[in-house]
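Comments concern the structure below.
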Amino acid sequence: MKIISQLVGCGSYLPQNVVTNEDLAEKVDTTDEWIISRTGIKQRHFAAEDEYTSDLALKAANRALEHAGIDGSEIDLIVVGTTTPDRTFPATAVRIQKHLGCRSGAAFDVQAVCSGFIYALSIVDSLIQTGQAKTALVIGADTLSRLLNWEDRTTCVLFGDGAGAVVVKAVEVEEQSPDEPGILSTHIHSDGNLEDLLYCDGGASTTQTAGYITMAGKEVFRHAVTNLAAVVTEALAANDLTDSDIDWLVPHQANKRIIDSTAKKLKMPIEKVILTVQNHANTSAASIPLALDHGVREGLIKKGDLLLMEAMGGGLTWGAALVRW
Ligand code: UT7
């Protein structure tokens, strides 16, 4: 017998306040045309002043639990991918634990910026396979609007706030086959030599402030195209699968041009890609579970579909996950 991780529900939440490119053009030297042509972004959601990452995460988590038909008290592991925790410590995940009424198990955050959801899913998959957890919540939640430098038009137009969550359950199978619903494999990478390409210039032990996002956009773009092509190839090879086996690409939503490049590498028509970047912008760790939830609720992703998720972010970090829904 073998224990595998099955995704049994998903949910997401976006703050109410929608900010269009035109809205931004009123306070930043930019245009709707520039933002759309360079990124594909048309609008983003910003959290209200008194709305925190944990508020977004909790709403997404409750929706995922409802979708899965599971009570919060059954959860024995909560991992939140976030770069914008409510507090420097403790982890945002323990707030979710408190609000869900869980008193046992473990809850912690993972900090891998835009790759946070893939990292969190990878850790949860390992803990489930080794029998340390049975029913987990994997959440990606961020309020990157709090880290925007409104004097830097090259970054402030790119990001939005949101949260997405999945419920992952341990299931015993005789043998894992690629046709069995569940996580087939996860692949995570980082290269700290490239940390200065994308970072936030604050920190508890340095400035004692959260700081602002700084990015060498063109270079990050170049690394994203290369690393994402490599990691999707790695994920398929690890499972003896090919491009044509994938039903849906569920990518991190940073830039439509990066997504197009990965889809092209996989020879996938854009109709087979879940696209939300136009409406959400880059929501960091939240973007993949937000896209997944969108795909499921719109009836695009169906039971048994093979999903390829991939992301790259500050660190640089990157990764992929192959999941049979
Ligand atoms: O999720 C984490 C991973 N992050 C990413 O994947 C982001 C990767 N990078 C990118 O998506 C792109 O590099 C950007 C969207 C950030 C920038 O696009 P680009 O095609 O690389 O543009 P650029 O930085 O080379 O700038 C081109 C021009 C510059 O003007 P000049 O020097 O050619 O006169 C910029 O000053 O566009 C100008 N520009 C803007 N113009 C209007 C930069 N930002 C803006 C703006 N509005 N907001």
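The values are calculated or read from the model by the stated rules, or taken from the named source; none is laboratory data. Bear in mind that the values here come from a model prediction, so they are computed numbers and not experimental data. With ideal geometry, Cβ positions are generated from the backbone for all residues, glycine too; neighbour counts draw on all protein chains shown.
Note on the range 145-195: residues that are aliphatic (A, V, I, L, M), over 30 Å from A25 (Cα atoms) and within 16 Å of the ligand (Cβ to nearest atom) total 2. Looking at L306, L300, can you tell me which residue is in contact with a strand residue (DSSP E or B) (Cβ under 8 Å, 6 or more places away or on another chain) and without any contact (Cβ under 8 Å) to a residue 60 or more places away in the chain? After ruling out the rest, the residue left standing is L300. Within the set G319, G299, G304, the sole residue that is more than 10 Å from the ligand (Cβ to nearest atom), assigned to a strand (DSSP E or B) and more than 10 Å from the chain's Cα centre (by Cα) turns out to be G319.
Any chance the range 40-55 includes a residue that's of a type in the set (D, E, K, R), within 16 Å of the ligand (Cβ to nearest atom) and over 30 Å from G304 (Cβ atoms)? Scanning the range 40-55 turns up at least one residue that is of a type in the set (D, E, K, R), within 16 Å of the ligand (Cβ to nearest atom) and over 30 Å from G304 (Cβ atoms).
Considered as a group, the residues in the range 190-220 that are in a helix (DSSP H, G or I) and more than 21 Å from the chain's Cα centre (by Cα) include one that is surrounded by the most Cβ atoms within 10 Å (Cβ to Cβ), and that residue is E219. Please pick out the residue among A61, A48, A25 that is buried (at least 22 other Cβ atoms within 10 Å of the Cβ) and either assigned by TED's automatic domain parsing to the domain that holds L137 or of a type in the set (V, I, T) (or both). Selected residue: A61, the only one of A61, A48, A25 that is buried (at least 22 other Cβ atoms within 10 Å of the Cβ) and either assigned by TED's automatic domain parsing to the domain that holds L137 or of a type in the set (V, I, T) (or both). For the range 258-278, the criterion of being surrounded by fewer than 19 Cβ atoms within 10 Å (Cβ to Cβ), within 16 Å of the ligand (Cβ to nearest atom) and within 21 Å of G162 (Cα to Cα) is met by at least one residue. Taking H223 and the conditions (1) within 16 Å of the ligand (Cβ to nearest atom); (2) farther than 30 Å from W325 by Cα; (3) surrounded by 14 or more Cβ atoms within 10 Å (Cβ to Cβ), which numbered condition does it fall short on, given that it satisfies the others? Going through the list (1) within 16 Å of the ligand (Cβ to nearest atom); (2) farther than 30 Å from W325 by Cα; (3) surrounded by 14 or more Cβ atoms within 10 Å (Cβ to Cβ), H223 breaks only (2).
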